[in-house]
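One structure below.
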Amino acid sequence: MIQPRRLYATAFAIAAAATGLTGAGVASAANAPANVARPNCAGPVSDTWVNVTIDRVRNGNGLMAVTLYADEPRKFLVKKGSMYVGRVDATAPETRMCLFVPKPGVYVLAVYHDEDSSTTIKRSGVLGLPEEGFGFSNNPPTIASIPSFRSVRLNIAKTGLSTRIHLKYP
């Protein structure tokens, strides 16, 4: 199973495609109390996690960054709006990971392939379009715009559920 490499506590993730944010602060599931049953997950340890498969990964370079957002539209893709970011080594053609969530509920996942392990998503041109692969929970269309909050909401009703996110590369 893929080992979490880093966990960042500030917003960035695919939000960077629209806002250019970066991550900061490090934590690890390995620091959890010994009495807590914990799978190989990224994020602050809890009794609830979601298994995430990210497909269409073009190479195994760098890291896969998965940002967790609460069910609050005003915090979606804004600076310091995320709950945290889990990172694992990227593997092609798909990367599998587990992400702790605070408790069962509705969340949003935003993913990007940090191919150079810079902790920021590369952007180009005047419009700041992403140069690295990205995706969102529920795989909404993202042609020429970021997805609506409603289209990316994911109900994690109990622990151990699985979701698949398709990466899109420019």
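Please give the peptides 70-78, 156-164 ranked by average Cβ packing (other Cβ atoms within 10 Å per residue), highest first, as a rough proxy for protection. Show your work: numbers first, answer last.
Numbers: 70-78: 16.2, 156-164: 13.8.
Descending packing order for the listed peptides: 70-78, 156-164.
Spin-label model, Tyr169/Asn61: points 7 Å from Cα along the beta carbon direction are separated by 0.9 nm. Net length available on complete extension from Ser145 to Leu161 is 2.9 nm, with 0.36 nm assigned per residue and the Cα-Cα distance removed.
The numbers here are math on the coordinates, done by the rules we state, and not lab data. Computed from a predicted structure; not experimentally measured. When we count neighbours, we look across all protein chains shown, and the Cβ atoms used for this are built from the backbone with ideal geometry, even at glycine.
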